[in-house]
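The values are calculated or read from the model by the stated rules, or taken from the named source; none is laboratory data. Nothing here was measured: the structure is a model prediction, and the numbers come from that model. Using ideal geometry, Cβ is built from the backbone for each residue, glycine included, and neighbour counts are taken over all protein chains shown.
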Amino acid sequence: MIGGVSGQVLNGLNSIIILGAWNLWNHRNQCVFDGASPSISNIISTTFEDLQQWSLAGAKGVSYLLAQAPRDS
């Protein structure tokens, strides 16, 4: 534990940061090279989909954070 935060939480946050940066970079390339329109909601939804896939693949930190997230009603 670092500062009262468990390793699973830190691993999950690191995964979110990595996937967010990766998807931002890919979206930027789509805008520059393919003429796509910038869209924050597209980046967020793509990142969330990737997080769900990482969770299914066994990323424990991501699975832990997704389990803690509030559900839509």
(Q) Looking at 41, 73, 45, 37 in this structure, which one is at pLDDT 90 or above, surrounded by fewer than 13 Cβ atoms within 10 Å (Cβ to Cβ) and either among the β-branched types (Val, Ile, Thr) or assigned to a loop (DSSP other than H, G, I, E, B) (or both)? (A) 37
Q) Is there any pair linking a residue in the stretch 46-69 that is within 24 Å of residue 27 (Cα to Cα) to one that is β-branched (Val, Ile, Thr) and part of a helix (DSSP H, G or I), with Cβ under 7 Å and at least six apart or on different chains, and which? A) 51/16; 51/62; 54/62; 55/62
Q) Are any of the residues in the stretch 37-54 more than 21 Å from residue 67 (Cα to Cα) and in contact with a Ser or Thr (Cβ under 8 Å, 6 or more places away or on another chain)? A) no
Q) Inside the stretch 11-34, can you point out the residues that are aliphatic (A, V, I, L, M) and either modelled with pLDDT under 95 or within 13 Å of the chain's Cα centre (by Cα) (or both)? A) 13, 16, 17, 18, 19, 21, 24
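Results for (1) assigned to a loop (DSSP other than H, G, I, E, B); (2) surrounded by 11 or more Cβ atoms within 10 Å (Cβ to Cβ); (3) small (Gly, Ala, Ser), shown as yes or no for each residue.
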site: 12; (1), (2), (3): no, yes, yes
site: 18; (1), (2), (3): no, yes, no
site: 33; (1), (2), (3): no, no, no
site: 53; (1), (2), (3): no, yes, no
site: 66; (1), (2), (3): no, yes, no
